[in-house]
Amino acid sequence: AAFFAGVRGARSRAADDAAILAWSADHGISFEVSPSSNVLTGAAPSLREHPLHAFLAAGCAVALGDDDPVTTGRTLADEERMLVAEGGLSAEDLRSIQRHATSVVFANEAMRATLLARIATEDEPTER
């Protein structure tokens, strides 16, 4: 079972503590991040300096969210494209995040298998 910690305000501080990051990675803690929203609220200074980079570097699992597309004006696909174009993630980083999110999503096994197969064939983030 996965445990998720959303990145808002003080929770994003976990990225600043190597011991917390190591413990989180060792215990399978997943961090759900909504990059644009995190930048808009000040929980992250920019996409390139977003805590998700520290989470990934420490071996923690990350799942992306779009928080509130009406407020941010960005869909999940937009978040993915921006993280690659402006945030410093590689396409492989993004596929790894997508695979993790798919492995823990509340869906039946057939849907998970379909999503994982789609991720495996994608070269770049696409509209969902």
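The values are calculated or read from the model by the stated rules, or taken from the named source; none is laboratory data. Keep in mind that what you see is a predicted model, and the values were worked out from it rather than measured. Here the Cβ is made from the backbone with ideal geometry for all residues, glycine too, and neighbour counts use every protein chain on show. Ligands, DNA and RNA are excluded from the accessible area calculation, which covers all protein heavy atoms including side chains. Shrake-Rupley method; radii C 1.70, N 1.55, O 1.52, S 1.80 Å.
Annotations for the structure displayed:
- Residue ID - farthest from Ala54 (Cα to Cα), chosen from residues in segment 68-97 that are of a type outside the set (Asp, Glu) and touching a strand residue (DSSP E or B) at 6+ places or on another chain (Cβ under 8 Å): Leu76
- In segment 64-81, the residues that are in contact with a Leu (Cβ under 6 Å, 6 or more places away or on another chain) and of a type outside the set (D, E, K, R): none
- Lone unmet requirement of (1) under 28 Å from Asp26 (Cβ atoms); (2) open to solvent by less than 30 Å² (accessible area, probe 1.4 Å); (3) touching a Lys or Arg at 6+ places or on another chain (Cβ under 6 Å) for Gly88: (2)
- Near pairs, Cβ below 7 angstrom, 6+ apart or cross-chain, from segment 104-120 (on the phi < 0 side of the Ramachandran plot) to any residue that is of a type in the set (D, E, K, R): Val105/Arg112; Leu116/Arg99; Ile119/Arg95; Ile119/Arg99
- Selection of segment 75-119 for residues being at pLDDT 85 or above, in a helix (DSSP H, G or I) and among the small types (Gly, Ala, Ser) yields Ala77, Ala85, Ala91, Ser96, Ala101, Ala110, Ala113, Ala117.
- Unique match (being closer than 27 Å to His27 by Cα, out of contact with any Pro (no Cβ under 8 Å at 6 or more places or on another chain) and among the polar types (S, T, N, Q)) among Thr114, Thr121, Thr102, Thr71: Thr102
- When segment 13-30 is filtered for residues that are of a type outside the set (Val, Ile, Thr) and within 13 Å of the chain's Cα centre (by Cα), only Ser30 remains.
- Matching residues in segment 16-30 - criterion: being open to solvent by less than 20 Å² (accessible area, probe 1.4 Å) and in a helix (DSSP H, G or I): Leu21, Ser24
- Some residue of segment 35-46 being within 22 Å of Glu122 (Cα to Cα) and surrounded by 16 or more Cβ atoms within 10 Å (Cβ to Cβ): yes
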